[in-house]
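Any read-out appearing in this document is the output of simple, stated calculations on the displayed coordinates, not a laboratory observation. These numbers were taken from a predicted model, which means no experiment stands behind them. Note that we place each Cβ from the backbone using ideal geometry, even for glycine, and neighbour counts take in every protein chain shown.
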Amino acid sequence: MSSDSSRRGGSSDSRRGEGQRGELIDKVVKIKRCAAVVKGGRRFSFAAMVVVGNGQGKVGWGYGKANEVPPSVEKAVKDGSRSMIPIIIENGTIPHVVEGRFGAAHVVLVPASPGTGVIAGSSVRAVCEAAGIHDILTKSFGSTNPVNLVKATIEALKQLRARPEVERLRGVPVA
């Protein structure tokens, strides 16, 4: 019995929509069921949106489609691990306020003091936790589509700059 459950990946993390493969953290954001009408009835397929991160400043998202849920999640994790980007984290939070947009989704990320935690909705929270951000305040406007919220959050995180980089670009010291 134990060998059967280990073959199926019967860990409690995989049932909650999150798991760790090696050193990567993956969180399932959305699973969509699509139906194609064929001669014998309906044929269902599944599409999965997954956020992948290493918990230390790298995060990405992936999208996978298959006839069953587990293969679609695996494809999405593989896609997400290929598209990971580095982000800047200072003392468990972000260095400054940033805004990200994707489609009609608009996300504002604000740095927070230590001990605040991740104050965010489920889609934005998945991105922040996978990236390794421990203290952040967020607000989303417009669309509540989880796929677009994830993409808007990653667009916002791409805009982060460290203080030395800003000083170098501007040519003046930043107070």
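How much net charge surrounds Val108 when only other residues with a Cβ under 13 Å from its Cβ are counted (Lys, Arg +1; Asp, Glu -1)?
Result for the local shell: 0.
Only the Cβ atoms of Lys and Arg (+1) and of Asp and Glu (-1) were treated as charged; on that basis the dipole of the chain about its Cα centre amounts to roughly 820 debye. The Cα trace of segment 88-170 gives Rg and Dmax of 12.4, 38 Å, the first to one decimal, the second as a whole number. Relative to the longest principal axis of the Cα atoms of the chain, helix 69-82 runs at roughly 30 degrees. What angle do you read, to the nearest 10 degrees and between 0 and 90, between the alpha-carbon axis of helix 146-158 and the longest principal axis of the chain? Roughly 30 degrees between the two axes.
Taking a straight line from the alpha carbon of Lys65, these lysines sit under 23 Å away, with near neighbours fewer than eight places off in the same chain left out: Lys27, Lys30, Lys32, Lys39, Lys75, Lys78, Lys151.
A viscosity of 1.567 mPa s and a temperature of 4 °C, combined with the Kirkwood radius over C-alpha pairs in the Stokes-Einstein formula, give the chain a diffusion coefficient of 75 µm²/s. Could you work out the local net charge near Lys139, counting Lys and Arg as +1, Asp and Glu as -1, over the other residues with Cβ closer than 14 Å to its Cβ? Local charge sum for Lys139: +1.
Shown for Val69, Val29, Val59: other C-beta atoms within 10 Å of each C-beta, ranked fewest to most, produce the order Val69, Val29, Val59. For the chain, the longest principal axis of the Cα atoms and the long axis of helix 122-131 meet at an angle of about 70 degrees.
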